[in-house]
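Q: The structure under discussion is supplied below as structure tokens; questions concerning it will follow.
The values are calculated or read from the model by the stated rules, or taken from the named source; none is laboratory data. Just so you know, these numbers come straight off a predicted model, no measurement behind them. Note that each Cβ is placed from the backbone with ideal geometry, even for glycine, and that neighbours are counted across all protein chains shown.
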């Protein structure tokens with residue numbers, strides 16, 4: 001007999017093909033299912049590419065809803081449809097991921113007895129790809145979460161401080177953790193096909209979007225031109241085709257700069273494990289899985305000094321440079337490439353840190369403890385007043 005029924009909203013789908021939220025959910029919810037819960041994850045058919053309405057991923061029931069492939073609309077409309085279906089689904093918990101889909105929290109709170117939980121993976125309204133009105137809607141979703149959700153989960157200490165300082169809103173800090181890489185070996189390696197030498201390339205892994213600043217890394221590499229080293233940018237673009245073309249132009253057909261596109265599975269494992277240096281130059285992150293994965297694999301890491309990176313790297317697990325500063329990035333890369341022994345020591349510290357503080361079993365257990373907390377009583381007059389204030 002099920003311990004409870006959980007609806008998951010705001011996730012593109014499972015199995016995870018791309019995206020930190022999807023990889024997060026693929027680790028958490030199968031563990032929740034193993035503890036006796038039924039989990040229904042409402043997905044986008046454009047992502048799952050499933051021919052059937054219902055499929056299963058490690059015990060999680062994945063319900064693929066029709067998608068509207070229009071920038072800024074797909075996620076919001078998909079989550080609205082999912083919330084309406086969930087209202088009639090007799091769920092004990094409705095768990096919404098990301099701030100945009102949280103716009104519909106009030107529907108779940110008003111029309112069901114389910115506990116409403118929101119996980120904030122990052123301040124998505126700050127992302128450069130969103131236009132003015134899309135950013136406003138996502139920001140409104142943030143305020144709806146604060147007003148209507150029973151519990152809010154955040155994935156970094158920075159986000160915890162943000163909600164406390166901005167809304168005086170207590171949250172639950174549950175970090176993410178690195179996903180395991182596959183161990184399959186291939187006689188014809190991916191690196192050989194790209195003419196890459198193990199431990200002699202700098203790796204950027206992630207979506208090629210403005211807030212992750214791959215442009216800054218390309219500029220720094222062009223300035224430094226380290227002898228014998230190459231730069232690999234592995235990732236697809238997300239509604240940012242023009243920006244991707246700008247990156248290609250910035251590379252100036254440099255034969256030492258590679259764009260691999262999105263890679264997964266064995267190719268991804270090989271690319272990460274044989275990198276000489278991993279760099280994440282972002283201006284905006286929640287708590288980046290790719291950085292945790294590099295640390296877990298013992299790859300030396302360099303990152304911009306935004307708060308989530310400082311939380312993970314600290315003073316003795318990698319090198320940090322001032323975000324958005326080209327000279328600082330160049331100097332940090334030069335220091336890293338010229339101090340291999342120092343980087344080995346830092347990477348060992350990073351491995352130990354990840355093992356001690358970022359564990360999926362612990363993360364799933366913390367979710368279950370929140371699921372078991374009592375639902376907050378609805379003060380309708382106070383909520384209606386707050387709702388009106390947010391809309392005006």
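Q: Report yes if some residue within segment 282-299 is over 15 Å from the mean Cα position of the chain (by Cα), crowded, with 16+ Cβ neighbours inside 10 Å and either over 19 Å from residue 268 (Cβ atoms) or without any contact (Cβ under 8 Å) to a residue 24 or more places away in the chain (or both); otherwise report no.
A: The initial filter retains those residues of segment 282-299 that are over 15 Å from the mean Cα position of the chain (by Cα), namely 295-299.
Checking the rest, the ones that are also crowded, with 16+ Cβ neighbours inside 10 Å come to 295-297, 299.
Filter again for either over 19 Å from residue 268 (Cβ atoms) or without any contact (Cβ under 8 Å) to a residue 24 or more places away in the chain (or both), leaving none.
Among the residues of segment 282-299, not one is over 15 Å from the mean Cα position of the chain (by Cα), crowded, with 16+ Cβ neighbours inside 10 Å and either over 19 Å from residue 268 (Cβ atoms) or without any contact (Cβ under 8 Å) to a residue 24 or more places away in the chain (or both), which makes the answer no.
Q: Pick out the one residue from 323, 348 that is farther than 30 Å from residue 29 by Cβ, crowded, with 16+ Cβ neighbours inside 10 Å and out of contact with any helix residue (DSSP H, G or I) (no Cβ under 8 Å at 6 or more places or on another chain). Even if it seems obvious, please write down each step before you answer.
A: Details: 348 fails: crowded, with 16+ Cβ neighbours inside 10 Å.
So the residue among 323, 348 that is farther than 30 Å from residue 29 by Cβ, crowded, with 16+ Cβ neighbours inside 10 Å and out of contact with any helix residue (DSSP H, G or I) (no Cβ under 8 Å at 6 or more places or on another chain) is 323.
Q: Hey, can you tell me all the residues within segment 272-320 that are part of a strand (DSSP E or B) and closer than 24 Å to residue 191 by Cβ? Break it down stepwise before answering.
A: Pass one, segment 272-320, residues part of a strand (DSSP E or B): 277-280, 301-304, 319-320.
If the condition is that a residue be part of a strand (DSSP E or B) and closer than 24 Å to residue 191 by Cβ, then 277, 278, 279, 280, 301, 302, 303 are the ones that fit.
Q: Going residue by residue through segment 9-30, is there one that turns out to be modelled with pLDDT of 95 or more, in a strand (DSSP E or B) and either farther than 29 Å from residue 359 by Cβ or not assigned by TED's automatic domain parsing to the domain that holds residue 286 (or both)?
A: Looking through segment 9-30, at least one residue is modelled with pLDDT of 95 or more, in a strand (DSSP E or B) and either farther than 29 Å from residue 359 by Cβ or not assigned by TED's automatic domain parsing to the domain that holds residue 286 (or both).
Q: Follow-up question, since we're still on this one. For segment 1-19, name all the residues that are surrounded by fewer than 20 Cβ atoms within 10 Å (Cβ to Cβ) and closer than 14 Å to residue 67 by Cα. Walk me through how you get there before you give the answer.
A: Step one: filter segment 1-19 for residues surrounded by fewer than 20 Cβ atoms within 10 Å (Cβ to Cβ), giving 1-5, 15, 17-19.
None; the set is empty.
Q: OK, next. For segment 250-271, give me the residue count where each residue is assigned to a loop (DSSP other than H, G, I, E, B), in contact with a helix residue (DSSP H, G or I) (Cβ under 9 Å, 6 or more places away or on another chain) and farther than 25 Å from residue 289 by Cα.
A: Here the count works out to 4.
Q: What number of residues within segment 105-157 are under 17 Å from the mean Cα position of the chain (by Cα), surrounded by 19 or more Cβ atoms within 10 Å (Cβ to Cβ) and closer than 17 Å to residue 174 by Cα?
A: Qualifying residue count, segment 105-157: 10.
Q: What do you reckon, is residue 46 touching a strand residue (DSSP E or B) at 6+ places or on another chain (Cβ under 8 Å) and assigned by TED's automatic domain parsing to the domain that holds residue 148?
A: On the way: touching a strand residue (DSSP E or B) at 6+ places or on another chain (Cβ under 8 Å): no; assigned by TED's automatic domain parsing to the domain that holds residue 148: yes.
So residue 46 does not fit the description; no.
Q: Could you list, in sequence order, all residues of segment 134-147 that are within 21 Å of residue 243 (Cα to Cα) and either in contact (Cβ under 8 Å) with a residue 24 or more places away in the chain or in contact with a strand residue (DSSP E or B) (Cβ under 7 Å, 6 or more places away or on another chain) (or both)? Explain how you work it out, then say what you get.
A: Residues of segment 134-147 within 21 Å of residue 243 (Cα to Cα): 134-135.
Hit for segment 134-147 is 134, nothing else.
Q: Going by the structure shown, is residue 208 assigned to a loop (DSSP other than H, G, I, E, B), free of Cβ contacts under 8 Å to residues at least 60 places away in the same chain, in the same structural domain as residue 327 (by TED's automatic domain parsing) and under 23 Å from the mean Cα position of the chain (by Cα)?
A: Values: assigned to a loop (DSSP other than H, G, I, E, B): yes; free of Cβ contacts under 8 Å to residues at least 60 places away in the same chain: yes; in the same structural domain as residue 327 (by TED's automatic domain parsing): yes; under 23 Å from the mean Cα position of the chain (by Cα): yes.
The answer is yes for residue 208.
Q: Output the number of residues of segment 214-249 satisfying the condition of being in contact with a strand residue (DSSP E or B) (Cβ under 9 Å, 6 or more places away or on another chain) and either more than 20 Å from residue 20 (Cβ to Cβ) or assigned to a loop (DSSP other than H, G, I, E, B) (or both). Explain how you work it out, then say what you get.
A: Kept after step one, since they are in contact with a strand residue (DSSP E or B) (Cβ under 9 Å, 6 or more places away or on another chain), are these residues of segment 214-249: 214, 216-218, 220-222, 226, 229-236, 244, 247-248.
Within this subset, residues satisfying the condition of being either more than 20 Å from residue 20 (Cβ to Cβ) or assigned to a loop (DSSP other than H, G, I, E, B) (or both) are 216, 218, 220-222, 226, 229-231, 235-236, 247-248.
Counting residues in segment 214-249 that are in contact with a strand residue (DSSP E or B) (Cβ under 9 Å, 6 or more places away or on another chain) and either more than 20 Å from residue 20 (Cβ to Cβ) or assigned to a loop (DSSP other than H, G, I, E, B) (or both) gives 13.
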